[in-house]
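These notes concern the structure reproduced below.
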Amino acid sequence: MAARAACTAWRHTSMSDRNDRLSVLKTYKLFVGGKFPRSESGRVYEVTTATSAAGAAGKGTWLANAPLASRKDARDAVVAARKAFGGWSGATAYNRGQILYRVAEMLEGRRDQFAREVGDAEGLGKSKAAAVVDAAIDRWVWYAGWSDKTAQIAGSANPVAGPYFNLSAPEPTGVVALLAPQDSSFLGLVSVIAPAIVTGNTTVVAAAEGAPLPALSLAEVLATSDLPGGVVNVLSGRTAEIAAPLAAHQDVNAIDLAGADAELATELEKAAADNLKRVLRPQPVDWAADPGTARLLAFLETKTVWHPMGV
Amino acid sequence: MPTTVPAYGKEAAERLASMADVTADDGALRRFLHGLPGVDAVGLQARAATLGTRSIKTTAKAYAIDLAISMIDLTTLEGADTPGKVRALCAKGINPDPTDRTAPKVAAICVYGDMVATAKEALTGSGIQVAAVATAFPSGRASLPVKLADTRDAVAAGADEIDMVIDRGAFLSGRYLDVFEEIRQVKEACVREDGSGTAAHLKVIFETGELQTYDNVRRASWLAMLAGADFIKTSTGKVAVNATPPVTLVLLEAVRDFRAATGVQVGVKPAGGIRTTKDAIKYLVMVNETLGDEWLSPEWFRFGASSLLNDLLMQRQKLSTGRYSGPDYVTVD
């Protein structure tokens, strides 16, 4: 009898008002090696709307549970990134550029979703959030264009005293750990990922600790943009917890400390010194401004070739 | 239960002679092998999976890693093997981690028969065994005289252990006695001709990926042990399906039951497809739970592997330094 009553009630509401249907909550997951695993630890943490937003009074409303990645997730992500490095760094610059354009195309179709998530995460109004998403999409396009042009500005033909062509060409550094900026959950995130991967690096990204949802959703976009699995790996959780093993990891070649505070950055830089990682120190950045080429050139190694000129 | 004797000892032959009635003719052997209890496949897989869930950490893990390293038959079985590559592998076997002298040496170096002399020379004084694959490895498709000559050749070159493959064609078509005879004759061919009366230890490879059923694996295990195998080994590493935990568990149970029946202790060697420390530790747990710690030594349990060693070394470095290591810090081979 009770079952029938419930059944009728359900039918009644579903017919009269579709907004009353039981909503399906999304399970946010990590992105490692092109797959979407839960944290190895099984842990999650609560993500809320921005506490600084108007009317939030220092307490946000619950949005979702995000995975709380452990150091083993970080290790797995590094293995995935290392595995992807050969293929991605060996792909033609043209191909990498096309894939970055493709990311922008995919994002364009999901603007509304990202505007909503960015608005919730950063406490922005609809139009401001939409502007942030648009800027992020444009940034993918901007960096995509750089794929076959970095060699022109970072490489050179060197005049030498001898019968040699002496050519310097930039090559990707390898596996780069990126600590995404904490203050800009989406535009800042894109601004650290895109320049690192367009030159052929593969990455492990620690999403903004308080606002990881745009990053985890971006992973879904990356997974459907022809980007090979493992080129970008996204972890959510405590930045300090994820960053420590990454900074000490012997198989990580560089680390971008954009999302670390001064104290953590010092600690990580010390750990990174052990295998001579390339370190990009945190600095105040206006993520909305023209990014310039600084991040693009930060994770490159120069290879110089001497070639006999012949007769 | 009879007292335990090692399969390579003199007494083992007497014990096996007591089982002569089951190997007297084809019919008796078939009745015996088909009379072995069937394997409960679902139960077996569940048991193997359960044993794979143990959490081995800190000091236990450090012990397991060192034990696993000392149990490795470091293997190179490529058409492209050169004396240089074999010597490099031997050097790695003697001193797996050049940055850490406390790392134990491996149990054996496993090569093709023609590389035995090279390996033997490179390993002089190290205490590491040289294992040679023989009997038309990996397919086993050659006539018996060729297989025996292959074996004698490797033994004469100084091999301490012979890894033979069984004739899967004969086994699958039910000619068990042929397989039995072949193993027995290869075992005889393992006797060194220098008059010392000693013999190279014989490992018998079943190529379980080609035996189709767990029942067949159990039958092959008993067949080989009755014929005098010192070690039973899952695979060549040359086919799609290699050592798996359930198949290895069947071997371990067969070895346990064989000792209970005859008192002869036989070793086990899973080979192929074991690449990570985690996998290796799962196998060690399985050995400990099925056979107990009498088998937890390189004398009775081996891993046939090549890339496993690097992963073990990286995990070892992680435990000693607290930092995750990478492939840049171990050799490429």
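The values are calculated or read from the model by the stated rules, or taken from the named source; none is laboratory data. Owing to the predicted nature of the structure, the values given are computational and were not obtained by experimental measurement. With ideal geometry, Cβ positions are generated from the backbone for all residues, glycine too; neighbour counts draw on all protein chains shown.
Can we say A:Arg111 is in contact (Cβ under 8 Å) with a residue 60 or more places away in the chain and under 19 Å from the mean Cα position of the chain (by Cα)? Against the criterion (in contact (Cβ under 8 Å) with a residue 60 or more places away in the chain and under 19 Å from the mean Cα position of the chain (by Cα)), A:Arg111 does not qualify. For B:Gln212, the criteria (1) surrounded by fewer than 18 Cβ atoms within 10 Å (Cβ to Cβ); (2) modelled with pLDDT of 95 or more hold in every case but one, which is (2).
Yes/no matrix, rows are residues, columns are (1) in contact with a Ser or Thr (Cβ under 7 Å, 6 or more places away or on another chain); (2) within 26 Å of B:Ile128 (Cβ to Cβ); (3) of a type in the set (Lys, Arg):
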| position | (1), (2), (3) |
| --- | --- |
| B:Asp153 | no, yes, no |
| B:Phe171 | no, no, no |
| B:Asp178 | no, no, no |
| B:Val186 | yes, yes, no |
| B:Ser196 | no, yes, no |
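Residues that are in a helix (DSSP H, G or I) and crowded, with 20+ Cβ neighbours inside 10 Å were ranked within the stretch A:57-75; the one that is farthest from the other protein chains (Cβ to nearest Cβ) is A:Asp73. In the stretch A:174-189, the condition of being outside any helix (DSSP H, G or I), within 14 Å of chain B (Cβ to nearest Cβ) and surrounded by fewer than 24 Cβ atoms within 10 Å (Cβ to Cβ) is met by at least one residue. Applying the criterion of being in contact with a Leu (Cβ under 6 Å, 6 or more places away or on another chain) and hydrophobic (A, V, I, L, M, F, W, C) to the residues of the stretch A:147-170, the residue that is farthest from A:Ala294 (Cα to Cα) is A:Ala157.
Note on the stretch A:261-287: among residues that are assigned to a loop (DSSP other than H, G, I, E, B) and in contact with a helix residue (DSSP H, G or I) (Cβ under 6 Å, 6 or more places away or on another chain), the one that is nearest to A:Asp138 (Cα to Cα) is A:Trp287.
Might you check whether a residue that is within 14 Å of another protein chain (Cβ to nearest Cβ), assigned to a loop (DSSP other than H, G, I, E, B), in contact with a helix residue (DSSP H, G or I) (Cβ under 9 Å, 6 or more places away or on another chain) and free of Cβ contacts under 8 Å to residues at least 60 places away in the same chain occurs anywhere in the stretch A:207-227?
Filtering the stretch A:207-227 down to residues within 14 Å of another protein chain (Cβ to nearest Cβ) leaves none.
No, the stretch A:207-227 contains no residue that is within 14 Å of another protein chain (Cβ to nearest Cβ), assigned to a loop (DSSP other than H, G, I, E, B), in contact with a helix residue (DSSP H, G or I) (Cβ under 9 Å, 6 or more places away or on another chain) and free of Cβ contacts under 8 Å to residues at least 60 places away in the same chain.
Of the helices (runs of 4 or more DSSP H) that lie entirely inside the stretch B:211-330, those containing 1 or more residues that are within 30 Å of A:Gln250 (Cα to Cα) span B:277-290, B:307-321.
Restricted to the stretch B:1-117, the set of helices (runs of 4 or more DSSP H) holding at least 2 residues that are under 19 Å from B:Val268 (Cβ atoms) comprises B:10-17, B:41-51, B:58-70.
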